[in-house]
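> Supplied in structure tokens, the structure appears directly below.
The values are calculated or read from the model by the stated rules, or taken from the named source; none is laboratory data. All values derive from a computational prediction rather than experimental measurement. Cβ placement follows ideal geometry from the backbone for every residue including glycine, while neighbour counts extend to all protein chains displayed.
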């Protein structure tokens, strides 16, 4: 694909993301005032950053690992970042520290630790088995879940409801502006790093040996990818909690429409992910009062859609490798 065509696709999708964000800011059940619109706009910016980070991260992981089932939530990266976020929120309650000073840092540490653990469990002599990778993610997710439940024991019982809503994947009513700025910068930095490596993902699809012979440093590519995905996932979890399966759904949609070129896929998946999550947030916010809640957590919606899709993809993968 030529550079001009890549730029045209990127520009069109970016304009679409802006249009979706503006349109969604005018949709809702509350009377539209300046303060209401501003609150929606900030929440939609956060949703866009979360969607872009998770979707672009899913595309990169699938390209790096050559596994269509790989994504931050399934591999446990989101739960690792969640451990860091809960620890950060607990520290802000105990020591009156600002959220933006602790949460993103600890989330990044948790995400990177999880990446290292999953890779160490799944790899054998430098090679990664696709099914061992998924099982490693399940194991690490379970372990991280136990850690988060342990943290709940030491949290003020009057704040447990807030923690529970965060664990469902819900954007808060009022997003801390400094936290949004820091997390948005983290997503932009990680996304840029993945974009610079996108051509290498295309070569890696031919195998590690061919990629190495073509001048791609596979070891360095893995480090950069895991670091960038960890950073983006940490930012997403800090803003909205563990929103699952977005990094699985969007890369498959983009490949179906745009093809397998990762140079376009990394850009397109991020922008499509932003549009989908902004739309999902608006739907959850609008439908919530009609089902007896103020707002449906967006993580619930993505799980209801993504869970069956994951089962379908897993079954299809089994049929492909069956003798």
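> Given the options 193, 185, 228, name the one that is within 27 Å of residue 83 (Cβ to Cβ), modelled with pLDDT of 85 or more, within 14 Å of the chain's Cα centre (by Cα) and in a helix (DSSP H, G or I).
Values: 193 fails: within 14 Å of the chain's Cα centre (by Cα); 185 fails: within 14 Å of the chain's Cα centre (by Cα).
Criteria check complete, one pass: 228.
> Let me ask you something else. If you check residue 65 against the conditions, is it surrounded by fewer than 24 Cβ atoms within 10 Å (Cβ to Cβ) and touching a helix residue (DSSP H, G or I) at 6+ places or on another chain (Cβ under 8 Å)?
Numbers: surrounded by fewer than 24 Cβ atoms within 10 Å (Cβ to Cβ): yes; touching a helix residue (DSSP H, G or I) at 6+ places or on another chain (Cβ under 8 Å): yes.
Yes: the conditions hold for residue 65.
For (1) at pLDDT 80 or above; (2) in a helix (DSSP H, G or I); (3) within 14 Å of the chain's Cα centre (by Cα), each residue gets a yes or a no:
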{"residue": "256", "(1), (2), (3)": "yes, yes, no"}
{"residue": "264", "(1), (2), (3)": "yes, yes, no"}
{"residue": "270", "(1), (2), (3)": "yes, yes, yes"}
{"residue": "282", "(1), (2), (3)": "yes, yes, no"}
{"residue": "295", "(1), (2), (3)": "yes, no, no"}
{"residue": "303", "(1), (2), (3)": "yes, yes, yes"}
{"residue": "306", "(1), (2), (3)": "yes, yes, yes"}
{"residue": "313", "(1), (2), (3)": "no, yes, no"}
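> Next question. Surrounded by 17 or more Cβ atoms within 10 Å (Cβ to Cβ) and either in contact (Cβ under 8 Å) with a residue 60 or more places away in the chain or within 27 Å of residue 288 (Cα to Cα) (or both): does that describe residue 6?
Judged against the criteria, residue 6 is not a match.
> What's the total number of residues in the range 196-218 that are in a helix (DSSP H, G or I), under 21 Å from the mean Cα position of the chain (by Cα) and touching a residue at least 40 places away in the same chain (Cβ under 8 Å)?
Of the residues in that region, 2 qualify.
> Condition first: under 15 Å from the mean Cα position of the chain (by Cα), in a loop (DSSP other than H, G, I, E, B) and within 19 Å of residue 253 (Cβ to Cβ). Can you find one or more residues in the range 45-67 that meet it?
The answer is no, given that none of the residues of the range 45-67 is under 15 Å from the mean Cα position of the chain (by Cα), in a loop (DSSP other than H, G, I, E, B) and within 19 Å of residue 253 (Cβ to Cβ).
> While we're on this one: If you check every pair at least six apart or on different chains, which have Cβ atoms under 6 Å apart with a residue in the range 161-177 that is in contact (Cβ under 8 Å) with a residue 60 or more places away in the chain first and a residue that is assigned to a loop (DSSP other than H, G, I, E, B) second?
Matching pairs, first to second residue: 166/241; 167/241; 168/297; 169/241; 169/242; 169/243; 169/297; 170/297.
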